[in-house]
Amino acid sequence: MADAKKDKIGRREFLKDATLGAAAVAGGARAAGAEEIAHSHAQEQDHDHQVVPDDIALRVRALESVLVDKRMIDPADLDAVIDAYENRIGPRNGAQVVARAWVDPEYKARLLEDGTAAIAELSFSDGQGAYMVVKENTPDVHNLVVCTLCSCYPWATLGLPPVWYKSSPYRARAGIEPRSVLAEFGTELDDDVEVRVWDSTAEVRYLILPERPPGTENMTEEELAQIVTRDSMVGVTKIAAP
Ligand code: FE
């Protein structure tokens with residue numbers, strides 16, 4: 001719940017920064033102000049920002065502001081919808097897929113063979129018709145997902161992509177120095193573990209099947225689904241033993 005609140009604040013702060021950054025740059029002579037904004041917010045927050053926001057962020061901010069000003073939407077309702085897709089509906093679907101694969105070897109085999117069909121068995125399908133590929137993390141191989149071009153992400157199983165997944169630093173660095181990026185998420189891998197990075201596209205999206213942690217042998221499928229985290233299904237973290 002605390003994480004959900006943090007994400008919600010992060011989204012609002014992100015949009016506010018986008019507007020402030022644009023105003024500073026648009027001022028020309030005030031460009032130094034943009035640097036100050038970037039610097040101060042980098043200190044205040046634990047995720048990365050672009051000083052100059054992209055067009056989409058500005059458009060979203062403008063649209064949201066107008067709709068709120070005209071009292072056509074309530075910001076709290078928007079936050080509730082986004083929270084649902086980011087934290088409740090989305091990743092919980094992926095967690096059910098992972099838990100099923102952990103307890104049912106035949107399902108796991110189908111999942112790795114044809115991710116789209118196996119995920120559809122649980123009635124989760126991407127409304128955008130995305131082709132799903134599932135990669136299994138093992139003691140020898142660690143898989144990590146990024147979208148270097150933009151923010152392609154498996155909505156049906158993971159919900160909305162988190163801010164860090166869409167950030168320029170993650171997109172730029174995940175493929176070049178994945179071990180450093182993983183370490184920043186607290187995932188330290190031994191040198192003999194092979195790291196594979198998968199670049200999502202609008203056509204192909206990935207779900208990582210994390211390693212089942214030790215000490216979970218007696219847990220039910222439902223209990224297992226509860227310990228599966230969003231970040232582990234992107235491949236930036238492992239699942240800790242309960
Ligand atoms: Fe993308």
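A short reminder: the numbers here are calculations on the coordinates, not readings from a lab. In this text, all values refer to a predicted model and were calculated from it rather than measured experimentally. Cβ: placed from backbone, ideal geometry, glycine included. Neighbour counts: every protein chain shown.
Results, tabulated for the structure shown:
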item: Coordinate range along principal axes, alpha carbons of segment 164-242, Å, largest first; result: 40, 32, 20
item: Kirkwood Rh in Å, taken over all unlike Cα pairs in segment 117-161; result: 12.1 Å
item: Exposure proxy order (Cβ contacts within 10 Å, fewest to most) of Ile119, Ile239; result: Ile239, Ile119
item: D (Stokes-Einstein, µm²/s), Kirkwood Cα radius, segment 92-234, 1.306 mPa s at 10 °C; result: 103 µm²/s
item: Fewest-first ranking of Met233, Met219, using other Cβ atoms within 10 Å as the exposure measure; result: Met219, Met233
item: Ranking of Glu217, Glu194 by count of other Cβ atoms within 10 Å, fewest first; result: Glu217, Glu194
item: Distance between modelled label sites at Val103 and Ser125, nm, 7 Å Cα→Cβ extension; result: 2.5 nm
